[in-house]
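In what follows, a single structure is set out as structure tokens and then discussed.
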Amino acid sequence: MDRTFVMVKPDGVARGLIGEVISRLEHKGLKMVAARFEKLTEKRVMEQYREHLEKPFFPSLRHYITSGPCFLMVWEGRDSPAVVRRIVGATNPAEAAPGTIRGDLAMDIGRNVVHASDSPESAKREISIHFSPGELASYKRADEVVLYE
């Protein structure tokens, strides 16, 4: 099974949306294998968003992501990076489809509730930034037998 990284950002935490995000991913059939609630360090924010370091919006992104706690998660399921990205929706909530997390719950690109890895490679990199291998749980969901052929 594939794994992907998902983070409820400070705006999602402040708005009480952690449960909603978890619920949508669980209802799809994905399995949470790690989670942690914490305020990110500057070093981990720099690693997480390294592809944006030179972009003009990075200083405000860094300030925002370190402004409050985040809820970090690892999810498992077949093709989970792509599946989660579809559930999360477009980065800009104005372009996100209704029914997606951002389409239903966000108003502004700078406060779009959640981050999700955009590829299997990004997922692997981002998981390693926030979790050690020993923190990833292995277990069977009761409904796994009916989720997959």
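The values are calculated or read from the model by the stated rules, or taken from the named source; none is laboratory data. It should be emphasised that the depicted structure is a prediction, and the values quoted were computed from it without experimental measurement. Methodologically, a virtual Cβ is constructed for each residue, glycine included, from the backbone with ideal geometry; neighbour enumeration extends over all protein chains shown.
Figure legend. Inter-residue proximity from segment 3-32: first residues over 20 Å from Ile127 (Cα atoms), second residues surrounded by fewer than 19 Cβ atoms within 10 Å (Cβ to Cβ) and among the basic types (Lys, Arg), beta-carbon distance below 6 Å, spacing 6+ or different chains. Indicated pairs: Asp11/Arg111. In the set (1) over 16 Å from Gly89 (Cα atoms); (2) more than 11 Å from the chain's Cα centre (by Cα), the condition left unmet by Ser23 is number (1).
Please verify whether Ser138 is buried (at least 19 other Cβ atoms within 10 Å of the Cβ), more than 21 Å from Asp11 (Cβ to Cβ) and either at pLDDT 95 or above or out of contact with any helix residue (DSSP H, G or I) (no Cβ under 6 Å at 6 or more places or on another chain) (or both), treating the condition exactly as stated. No; evaluated as a whole, the condition is false for this residue.
Against the conditions (1) without any contact (Cβ under 8 Å) to a residue 40 or more places away in the chain; (2) closer than 17 Å to Tyr49 by Cα, Ala142 satisfies every one except (2). When segment 88-119 is filtered for residues that are part of a helix (DSSP H, G or I) and crowded, with 21+ Cβ neighbours inside 10 Å, the ones remaining, listed by number, are Val88, Ile101, Arg102. Pro81 meets the conditions (1) within 11 Å of the chain's Cα centre (by Cα); (2) on the phi > 0 side of the Ramachandran plot in every case but one. The failed one is (2). Would you call Val74 buried (at least 16 other Cβ atoms within 10 Å of the Cβ) and of a type in the set (A, V, I, L, M, F, W, C)? Judged against the criteria, Val74 is a match. When Arg86 is tested against (1) at pLDDT 95 or above; (2) closer than 17 Å to Glu47 by Cα, exactly one condition is not met: (2).
In segment 120-149, the qualifying residues are those that are assigned to a loop (DSSP other than H, G, I, E, B) and in contact with a Gly (Cβ under 9 Å, 6 or more places away or on another chain), and the one that is farthest from Met73 (Cα to Cα) is Tyr148.
The set of residues from segment 22-65 being surrounded by fewer than 16 Cβ atoms within 10 Å (Cβ to Cβ) and polar (S, T, N, Q) comprises Ser23, Thr41, Ser60.
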